[in-house]
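*Asks:* Sharing a structure, written as structure tokens. Questions coming.
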Amino acid sequence: MFKRLKEIYAYRNLLWLLVRKEMKLKYHGSILGFVWSVMKPLFLMMVYYFVFDKILGRSTPPYAILTGLLPWMMFISSNTASANSILKSFNIMNQIRFPYEILPLSKIFSNVINFAISLVVLLTLYAIYKVPFQAYMLYFPILLLIELTLIIGLSLILCSITIFIRDITIILDVIFKAWFFLTPVIYSYSLVTDRSGPLLQKLYLLNPMTPIVVSMKFVMGVDPNFGILPPMWGHLMYSLGLGIILIIIGYILFSKLRNKFIKLI
Amino acid sequence: MDKVIITDVGVKFTKVRFKYFTLKEKMSHLFKRQTTEKFWALRNINFKVREGETLGIIGANGAGKSTLLKVISGIMEPDEGNVLTKGKISTLLQLGAGFKPELSGRENIYINASLLGYSFKEIKEREQQIIEYSELGSFIDSMLKFYSSGMKVRLGFSVATAFNPDILIIDEVLAVGDESFKEKCYKRFESFQKANKTVIVVSHGLALLNDICNKLILLDKGKKIIEDEPNYVIGEYLFRENLGKRRLKTIIFNSEGYDIYNFKVFNENGEETAEFNPTENFSIQFDVKTPKDIEKLLLDLIIYKIHDRFDKKVKIYREIKKVSIKNNTGKKTVKIKFKSPISKHGEFSFSIGILEEMKKPVYHILKKDIKRFEISLFKPSDKASDITLQTEWEFE
């Protein structure tokens with residue numbers, strides 16, 4: 001595994017170029033171009049804010065929605081993009097042998113960069129709404145890293161399976177829609193703790209994204225319904241453990257199937 | 001020093017009547033057996049390529065040429081056997097491989113070169129040189145999807161050869177370039193050879209292979225048929241190609257005691273010569289020897305036009321004439337007068353065979369390429385096609 005990492009590192013130029021290409025092509029040819037990567041979560045935020053705050057009356061401030069929305073969007077867009085990454089890279093895979101892990105990685109990286117850019121908007125919103133700074137906020141990068149392990153693991157698995165089952169991407173679409181509502185992205189976790197029994201709560205917490213999103217909202221201090229719920233370290237460890245397991249499974253799967261890619265795409 | 005060592009390489013593909021890629025398909029055929037069939041795209045391939053050597057690979061479509069290149073360059077892992085390469089490899093495998101159509105030519109230089117494993121610094125140093133060599137000029141900054149195939153090849157070739165790789169692997173792509181670019185490619189190949197680099201080329205351009213390669217390998221249905229000097233391998237290849245098409249069923253027995261000798265070509269004035277005017281009539285003369293008198297002897301006269309830079313021969317005339325030898329010596333002198341000129345220019349070659357008419361004709365011998373002669377140029381381009389000649393045979 002270490003050897004593979006070294007090999008991937010040797011191809012960091014290519015990774016960087018592909019990330020750049022990704023960023024450039026994402027909104028290529030559209031008038032507002034890059035602005036869209038910031039506008040899209042903002043629009044979504046406004047829609048959800050309207051529905052939750054105005055229609056359902058669940059007073060959730062817009063910046064709280066965006067705090068959950070941004071990491072979630074990074075999660076799904078990385079995974080869906082990675083799932084197709086090998087399939088759509090027929091061209092360059094036919095040129096020479098290189099570590100194919102670069103392909104899903106480039107998708108992940110570009111989404112992380114995208115996330116970083118939209119973070120500026122988030123921080124601006126914080127400033128507008130005068131969210132106070134607190135020391136907890138420094139945990140945010142750690143939470144991101146835990147999310148990243150999940151993303152990398154899942155991406156590796158998805159991109160290798162997609163070659164064999166082409167409609168994975170369509171199935172993913174449905175799964176991610178459901179997953180979205182089962183994660184407290186736009187609503188507050190306290191809604192779940194208030195209304196459901198202990199069994200349902202346990203089931204709910206099986207979702208590895210839940211502790212991440214809940215903790216993110218908590219450390220940023222944006223969920224008014226929380227009170228003083230501490231970051232869920234135990235559950236976060238579960239997410240991290242699952243992430244690492246997924247990476248290992250993904251790595252094994254990828255290594256096993258790698259040689260078949262070129263014959264099948 | 002051997003730069004590429006291929007030992008016992010085999011690549012297996014699964015030939016599936018229907019390949020189910022989506023879940024629905026997979027489900028609906030869950031209980032039906034997929035008719036899978038494995039076949040070897042390559043099997044038992046062995047060869048070595050030395051430093052400074054240029055190897056060409058030829059073969060009919062589907063012979064496994066491109067698969068072999070993919071295996072050598074590491075894109076595909078062989079299912080059996082070993083591939084060993086030493087040094088940096090540069091490839092140009094498919095038109096547009098390694099390219100992203102939505103990016104500009106310049107950006108593609110970077111992607112392509114970093115695929116080949118070069119650093120930004122190295123690429124930047126050569127960027128200008130690559131652009132100049134590819135003759136793309138201001139097009140370098142427009143999107144690749146608007147490029148013509150010739151432009152893509154020029155760019156691909158420029159990138160692949162710009163970095164002085166130890167091993168250069170090129171698939172049938174050069175055919176797309178125009179003449180002036182081909183000339184440039186030749187020169188690059190030459191400089192590669194001078195610099196003691198290893199080159200492996202797949203091409204259907206036999207003339208190109210004949211010119212640049214030290215060695216050719218002929219593949220047929222995934223197997224190596226021969227590995228030898230270019231003209232020999234090309235001959236074998238063309239022979240096999242023709243065999244498939246024309247179904248030459250003739251078996252030549254090479255019987256003993258049969259011979260054709262003293263072959264001469266005469267011009268209109270009866271002088272022996274090897275060169276003619278296209279308008280000139282000519283005649284040929286040769287001696288036939290058989291071990292015994294034969295009542296029903298057939299003489300097979302074939303005229304070939306010799307083509308291209310290599311010895312590709314195209315049959316343009318054939319005549320079979322009946323003779324009988326009854327003079328107890330088994331010898332006969334044959335004189336054939338051509339009463340109409342060939343009216344083509346170029347180099348021609350005669351082949352003469354002796355057959356005996358039994359229940360089925362028995363082909364005793366065939367003297368191939370017995371004599372060549374030239375008809376001097378009068379049309380700049382002249383394709384080989386069948387000609388009609390009026391002949392007059394005389395026997396002594």
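The values are calculated or read from the model by the stated rules, or taken from the named source; none is laboratory data. Just so you know, these numbers come straight off a predicted model, no measurement behind them. So basically every Cβ, Gly included, is an ideal-geometry build from the backbone, and we count neighbours across all protein chains shown. Please note that ligands, DNA and RNA were not included when accessible areas were found on the heavy atoms of the full protein model with its side chains. Shrake-Rupley method; radii C 1.70, N 1.55, O 1.52, S 1.80 Å.
*Asks:* What is the ratio of the Cα radius of gyration of region A:74-228 to 2.2 N^0.38 Å, with N the residue count, to two decimals?
*Replies:* In units of the globular-protein estimate, region A:74-228 measures up at 1.21.
*Asks:* I need the Kirkwood Rh of region A:2-264: take the reciprocal of the average 1/r across all distinct C-alpha pairs and report it in angstrom. Before the final figure, lay out each step's value.
*Replies:* Numbers: mean 1/r = 0.0511 Å⁻¹.
One over the average 1/r among Cα pairs gives 19.6 Å for region A:2-264.
*Asks:* Rounded to a whole number, what is D in µm²/s for region B:2-246 from Stokes-Einstein with the Kirkwood radius over alpha-carbon pairs (37 °C, 0.692 mPa s)?
*Replies:* Working: Rh = 19.4 Å.
D, rounded to a whole number, is 169 µm²/s.
*Asks:* Can you list the residues of region B:52-78 that have at least 10 square angstrom less accessible area with all protein chains present than in their chain by itself, probe 1.4 Å?
*Replies:* So the qualifying set is B:Lys70, B:Ser73, B:Gly74, B:Ile75, B:Met76, B:Glu77.
*Asks:* How large is log10 of I(q)/I(0) for region A:62-136 at q = 0.11, 0.23, 0.25 Å⁻¹ when the intensity is taken from the Debye formula with one equal scatterer per alpha-carbon?
*Replies:* -0.41, -1.00, -1.09
*Asks:* Continuing with this model, one more query. Determine, from the Cβ-Cβ distance of B:Glu319 and B:Glu51 and an R0 of 51 Å, the FRET efficiency 1/(1 + (r/R0)^6), rounded to the nearest 0.05.
*Replies:* 0.50
*Asks:* Can you give the charge dipole size of chain A about its Cα centre, rounded to the nearest 20 debye, using +1 on the beta carbon of Lys and Arg and -1 on the beta carbon of Asp and Glu?
*Replies:* Numbers: 24 positive and 9 negative charges, 178 e Å.
For this selection, approximately 860 debye.
*Asks:* Let me ask you something else. For A:Phe164 paired with B:Lys12, estimate the spin-label separation in nm (one decimal), with each label point 7 Å from Cα along the Cα-to-Cβ line.
*Replies:* Reported label-point gap for A:Phe164 and B:Lys12 is 1.6 nm.
*Asks:* Under the 0.36 nm per residue contour assumption, what length would be gained going from the current alpha-carbon distance of B:Asn196 and B:Glu77 to full extension?
*Replies:* Numbers: separation 119, 0.36 × 119 = 42.84 nm, distance 2.72 nm.
Result: 40.1 nm gained on full extension.
*Asks:* Shifting gears a bit: So which aspartates and glutamates pass the test for A:Lys24, namely a Cα distance under 19 Å, with those fewer than 8 places away in the same chain ruled out?
*Replies:* B:Glu102, B:Glu107, B:Asp141
*Asks:* Which value in deg cm²/dmol, rounded to the nearest 500, describes the helix-derived mean residue ellipticity at 222 nm for the protein assembly as shown, given -39,500 (n - 2.57) per DSSP H run of n ≥ 4 and division by the residue count? Before the final figure, lay out each step's value.
*Replies:* Values: 20 runs with 284 residues, N = 661.
The helix-only estimate for the protein assembly as shown comes to -14000 deg cm²/dmol at 222 nm.
*Asks:* May I ask you to derive the relative contact order of chain A, considering only C-alpha pairs under 8 Å and at least 6 residues apart, and to give it as an integer percent? Present the calculation step by step, with values, prior to reporting the outcome.
*Replies:* Values: 293 pairs, mean separation 69.5, N = 265.
Relative contact order of chain A: 26 percent.
*Asks:* Mind checking the angle between helix A:102-128 and chain A's longest principal axis? C-alpha axes, 0 to 90 degrees, to the nearest 10.
*Replies:* 20 degrees
*Asks:* Across 5 Å bins from the origin, how do the percents of Cα pairs in region A:1-134 run, short distances first?
*Replies:* Over region A:1-134, the share of Cα pairs per 5 Å bin runs 2, 9, 16, 18, 16, 12, 10, 8, 5, 3, 1, 0 percent.
*Asks:* Kirkwood Rh over alpha-carbon pairs of region B:63-180, then Stokes-Einstein at 20 °C and 1.002 mPa s: what D in µm² s⁻¹, rounded to an integer? Intermediate results must be reported in sequence, preceding the final value.
*Replies:* Numbers: Rh = 14.8 Å.
Taking Rh from Cα pairs, D becomes 145 µm²/s.
*Asks:* Let me ask something else about it. I need the P(r) histogram for region A:127-184: all alpha carbon pairs, bin width 10 Å from 0 out to the longest distance, whole percents.
*Replies:* Each 10 Å bin holds this share of Cα pairs: 17, 32, 28, 16, 7, 0.
*Asks:* Under a Cβ-only charge scheme (Lys and Arg +1, Asp and Glu -1), can you give me the dipole magnitude of region A:1-88 about the Cα centre, in debye to the nearest 20? The partial results should precede the final answer.
*Replies:* Working: 12 positive and 3 negative charges, 81 e Å.
Once rounded to the nearest 20, the dipole reads 380 debye.
*Asks:* Shifting gears a bit: What is the ratio of the Cα radius of gyration of the protein assembly as shown to 2.2 N^0.38 Å, where N is its residue count, to two decimals?
*Replies:* Details: Rg = 36.2 Å, N = 661, 2.2 N^0.38 = 25.9 Å.
Here the answer is 1.39, to two decimals.
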